Each structure stands twice: as C-alpha cells, then as structure tokens.
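This report refers to the structure that appears directly beneath it.
The values are calculated or read from the model by the stated rules, or taken from the named source; none is laboratory data. None of the values given here were measured: they were computed from a predicted structure. Glycine also receives a Cβ, built like all others from the backbone with ideal geometry; neighbour counts cover every protein chain displayed.
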Amino acid sequence: MKKLMLGNEAVARGAYEAGCTVASAYPGTPSTEITETIAKEYNEIYSEWAPNEKVAMEVAIGASFGGARAICAMKHVGLNVAADPLFTVSYTGVNGGLVIMVADDPGMHSSQNEQDSRNYARASKVPMLEPSDSQECKDFVKKAFSISEQFDTPVMVRLSTRIAHSQSIVEINDKEDYKLKEYVKDAGKYVMMPAMAKKRHVAVEKRMADLRGFSDTIAFNRLEMNSSETGVITSGIAYQYVKEAMPDASVLKLGMVYPVPEKLIADFASRVKTLYVVEELEPFFEEQILKMGIKVIGKEKLPVIGELSSKLIAERLMGKAAENSEASKQPVPVRPPVMCPGCPHRGMFYVLKKLKLNVSGDIGCYTLGALAPNESIDTCVCMGASIGVAHGMEKARGAEFGKKTVAILGDSTFIHSGITGLIDIVYNKGNSTVLILDNSITGMTGHQQNPTTGFTIKGEPTKQVDLELLCKAVGIERVSVVDPFDIKEFEKVVKRETAADEPSVIISQRPCALLKNVRYEGVQEINQDKCKKCRMCMKIGCPAIVDKGEHLQIDTALCVGCKLCTKVCGFNAIEKADK
Ligand SMILES: Cc1ncc(C[n+]2csc(CCOP(=O)(O)OP(=O)(O)O)c2C)c(N)n1
C-alpha cells in the first residue's frame, strides 16, 4: 500500500515499522508532528512530551539501555539543550537501537537562529543520516535503528523544514517483530566516569573508523552518473533542487552525511571536470572535501544564510535565470504574525507598555509582544533565558532603571528551563519580578500538553504541576495569581510587585482563546455614535479591530468576544453586536 505522508509522519511510520517502543520529545517546529503522529497512530509505541529536550533524550537513552528501540525528537535548538547527554551517550553506546531526530530550520521560518546540526554529528562523533523525501524519511529511520545496533552507537537523522513539512508518496510495510534485548549490567559501558570513559573513548574512535568504511558502501550514498562536465555533491532537500536546476549534472547524493564516504567522493571527483558542493547552511561537506585535497566549488557561489532553491542554484552555478512558474508570479498576501483575537497575553502587554517597564522576554506566542503596537519586550535569547537575563540585567545596572527588570515567559517555557533561573534569583538574592503566562497549553507550537496542563500527550488526565506551590517551594515568598483581562487589578499587582524589595512571581492565568473549552459570550461592535475615535482600543493590537481612517470597526468574523477592548475604551463605545 502507498500513502501520501509528511516527512514527519513517515519518520513516525519508520519508527513503528522498526519495532520501536519508546518515544520521548519536546515540541519544536518543524519536528513536532513526529511525536504527535506516534501518539495518535501507533499505540504500540509508548509516547510522551518530556519537559525539555534533555529529558526527552535521557528517556530514550534509558529505554535503549533497557533493550528497546527508542526514538527522541527535537528541533535544532533543542539539540543544544540535549547536547550534554548526546556527547556522553556517544561514549556509552546503546543496547536497543537509539535514533535521535533533529529538524533544522534553514531560513528561520519559526526559529531564533539557523544552526546546522551536522556539526553536532561531527562534534559528538555520532553518525548522521539525511533523507530527501518522505519515503527516505521512513527508510532512513528504519536503517538508523539497525546501524545503531550494528555499530553500538546512537544515530542522528537530520531533517529540514522542507523535508519535515512536505508530503510525498510512501510505501507502507508491516511492523518488524522486534524483541527487547537482554539488559546486562555493565558498568564499564554504562557508567561514564573517567576510568571507564577513557576506555570508551577508544571504542568511539574505533567505531568512527568502522563507520567511515561503512559510509563508502551504504546504498544511501548514491552515485547518479550523467555528464562528466559537471558533478555535484549534495544531500537532503538540496538534492531535489539540484535535480531540478541541473538535470544534466552527475550527482553524488549523500544519505549518510556523517561520516562522509571519502573513497566515493574521491572517485566521483576524478570522474567529473568541475565539482560543486550544494548544501544548505554551513560548508560542512565542502570543508571535509577540501581537506581531502580535492578542488570543489561551494560557498564561494552559494550562501551560508537561508534556504537554497532550484532558482538560486540555476542562477549561481549555471549562470541562467530560471523560468518562474505562473503560480510563483502571483503576489502572495503579506501576513505578519500577530497574537490571535482573544489572546490572554494581550492584556498583560497593555499593562507592561503603560508602565514602561524593562522587560526581558522569552520564546512563545508572547514573543510577538516585541512588535507594534505592544512593543513591550526588550530582549529574547532562547527558551527559559528571560529569568537569567533579567537577573543579570538587575545585577549589572540595579537601581539605574529606577524600576525592576521584569521577566516574562509561558508555562511550557517555565517548566522547560525557567525553573533553574528562578532558583538562581532566590539563591543569589536577586530582586526581579517574573511573570509566568499560564495559558494552560504550549501555544506557539500548536497546542501540546505540558506538565502544567494536567493532561498527557494522549489527552489522558495526569498530575498537574501547581505553579504557585512550585514557586513558593523554591523560595519565592511573593507569589500572586492574576487574570490578565482584569487590567486594573493586573496593573495594581505589577506595580506592587515591581516596587517590592524582594523577588516575586506573578502568575498570569487565563487559557488560550483557541482551546476548545474556551467560550466567550459574543462578538463586539463599535457604536459609532459613542466612539470618539481616540484609538485607545487600537493599543491592545487586536487584529479584529480595524482602523478604516474615517472610523474604527470590529471585524465580526475575527472577534471572539473576549471584551478586552471594552476595558480600554473610555467611552463605553464597544458593545455586544446585534443586541
Ligand atoms: C530549545 C527549544 N525548544 C523548542 C522550541 C520551540 N518552541 C518555541 S516556543 C515554545 C513553547 C511555547 O509555549 P509556552 O511557553 O507555554 O508559551 P505560549 O506559546 O503558550 O504562549 C516552544 C516549544 C524552541 N524555540 N527552543
């Protein structure tokens, strides 16, 4: 049977067919659907959302030590969080096959940087595969499990946004009957302290030498000989672009991107006149090929920034302007990201802007508060950083601001990596105020459950972390819980807590407007007779309120009836529609 599948869905299918039984992940675009699909479609695999990527990888490592085939998944920046266990599981090796999925985001469609995860494969001495379509996503994941067991190593599989989120045909096969491997205690292999790790490092170097030889033989590294004038070494989505832009070129398609197949590359180089490397982001292949003493053209013609495309490759390498298709000539409407109508974060931003506070932000839907008209976030680094950054700012400049630095972060982000920052503030006598925006869901990545929501990945009820108790337990004595739509009360609490001479937490509690149990009373409209056109309602930045120049209007198709606008209107001009 054949099925149209997203790359991410095909990865999930591959894990299932390989007999994998444990999956742990933390959401992050473009990797999220891997674990969502596993949870939805493959009950044979235990699946979970972990609090962060480090824990997700550790759970998969534990399952592998226990003899199961296990998978974890994350976006590229998540691999930074999980880098600590990654570098050491490279030494311990595995028992059951261990696959680490990492999805890069060239072009930064939904990320704060565009790092190239292939560098992690080299740095941690872990082999990496990279598929070019959904069929390969499935096949490569299955193969990754067997390579993992054959070479006693975790195996990384790298995706990029265009592979993870594109659909193509996949052949469906039966599930392999994988039996749990016996678990044998072996401190020399699984307890990494200096004496044992020194021996394991030797094993890792031996493994890398074996893998280098293997890379020259694996069918995933495929030679497609054509003209001897031009040769291209490429992988992943770039392979698809090359096939479109340079149909006559010979291609060495690398499915195993680390270690690279040196013999195959040398042989290919000797058979073509001009050799190009086409790779997105870093000159990862290029540097290794140059080191082999082979002349190759890569980043002198192609960018290290952003995504490639067949058009760009045709222009830069073939010197010809590619034809634009009719569809691509159509103008695409501009849709800047905005917080949704009814978003609970909006009330908080209205207050923060009014109070002109110094705000250290974080990553979530609320990062949009940096944009007009809210414009009330001053910094954003990485998940959980808001608290440490606020504390550092406070220690550096202290009273100079005249006001405290306020950190804001969501519930999921607080659990992911905010807690340790809060402990730092308490332990080191900080004075910041932390706002935890508890909207009862991980909003930005598309509504995943997390430890504060009370539900598992499968929607089953579970213990719910009590944020108020947690903050008190780490030593925060001033913890307030406020509704961000009660603007007056919210302002009062923020003023009070930022004036206090000790650290504090404000939990801003109101569920995301898109949750299916959230219902508001009815859409609003502007009574044009009462409206003075002062435009105070525009300050909350709701996309449902439209400035028509002559008058202001509420788009009733967008309004959810949260009534936040009625609270900022000084003339009671906003009323329930169709009264
Ligand atoms: C290390 C890392 N992992 C994952 C992500 C993807 N990501 C961006 S924001 C976010 C969570 C947002 O949830 P929350 O903090 O609850 O805020 P909300 O969007 O609900 O307002 C995630 C998982 C990331 N940017 N960095």
Answer yes or no as to whether Glu114 is at negative phi and within 16 Å of the ligand (Cβ to nearest atom).
yes
Which listed residue, of Lys567, Lys530, Lys563, is out of contact with any strand residue (DSSP E or B) (no Cβ under 6 Å at 6 or more places or on another chain) and farther than 30 Å from Thr442 by Cβ
Lys530
Residue under question is Ala203, and the condition is that it be in contact with a Gly (Cβ under 9 Å, 6 or more places away or on another chain) and aliphatic (A, V, I, L, M); does it hold?
yes
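Being of a type in the set (Lys, Arg) and either under 28 Å from Glu44 (Cβ atoms) or within 31 Å of the chain's Cα centre (by Cα) (or both) is true for just one of Arg200, Arg222. Which residue is that?
Working: Arg200 fails: either under 28 Å from Glu44 (Cβ atoms) or within 31 Å of the chain's Cα centre (by Cα) (or both).
Testing whether each residue is of a type in the set (Lys, Arg) and either under 28 Å from Glu44 (Cβ atoms) or within 31 Å of the chain's Cα centre (by Cα) (or both) leaves just Arg222.
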When you go through (1) on the phi < 0 side of the Ramachandran plot; (2) within 15 Å of the ligand (Cβ to nearest atom) one by one for Gly342, which number turns out not to apply?
(1)
Here is a check on your reading of the model: is Val59 assigned by TED's automatic domain parsing to the domain that holds Lys142 and assigned to a helix (DSSP H, G or I)?
yes
Across region 448-470, what is the number of residues that are surrounded by fewer than 15 Cβ atoms within 10 Å (Cβ to Cβ) and assigned to a loop (DSSP other than H, G, I, E, B)?
8
Tell me, which residue of region 375-384 that is surrounded by fewer than 22 Cβ atoms within 10 Å (Cβ to Cβ) and over 24 Å from His76 (Cβ atoms) is modelled with the highest pLDDT?
Asp378
Hey, does region 296-307 have a residue that's under 15 Å from Gly231 (Cβ atoms) and modelled with pLDDT under 95?
no
Across region 82-108, what is the number of residues that are touching a Ser or Thr at 6+ places or on another chain (Cβ under 7 Å) and either part of a helix (DSSP H, G or I) or of a type in the set (Phe, Trp, Tyr) (or both)?
3
Unique residue being more than 8 Å from the ligand (Cβ to nearest atom), assigned to a strand (DSSP E or B) and at pLDDT 95 or above when the list is Val434, Val426:
Val434
Report, by residue number, each residue of region 503-534 that is within 16 Å of the ligand (Cβ to nearest atom), in contact (Cβ under 8 Å) with a residue 60 or more places away in the chain and not β-branched (Val, Ile, Thr).
Ser508, Gln509, Arg510, Pro511, Cys512, Ala513, Leu514, Leu515
For region 388-403, indicate whether the set of residues that are within 14 Å of the ligand (Cβ to nearest atom) and in a loop (DSSP other than H, G, I, E, B) is non-empty.
no
Inter-residue pairs, beta-carbon under 6 Å, first part of a loop (DSSP other than H, G, I, E, B) and in region 23-36, second surrounded by fewer than 24 Cβ atoms within 10 Å (Cβ to Cβ) and at pLDDT below 95, 6+ apart
Thr29/Ser110
Check every one of the helices (runs of 4 or more DSSP H) wholly within region 137-222 and list those with 1 or more residues that are free of Cβ contacts under 8 Å to residues at least 60 places away in the same chain.
187-190, 194-215
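Only one residue in Thr445, Thr420, Thr367, Thr405 is of a type in the set (Val, Ile, Thr) and surrounded by 24 or more Cβ atoms within 10 Å (Cβ to Cβ), so which one is that?
Working: Thr445 fails: surrounded by 24 or more Cβ atoms within 10 Å (Cβ to Cβ); Thr420 fails: surrounded by 24 or more Cβ atoms within 10 Å (Cβ to Cβ); Thr367 fails: surrounded by 24 or more Cβ atoms within 10 Å (Cβ to Cβ).
Being of a type in the set (Val, Ile, Thr) and surrounded by 24 or more Cβ atoms within 10 Å (Cβ to Cβ) holds for just one of Thr445, Thr420, Thr367, Thr405, which is Thr405.
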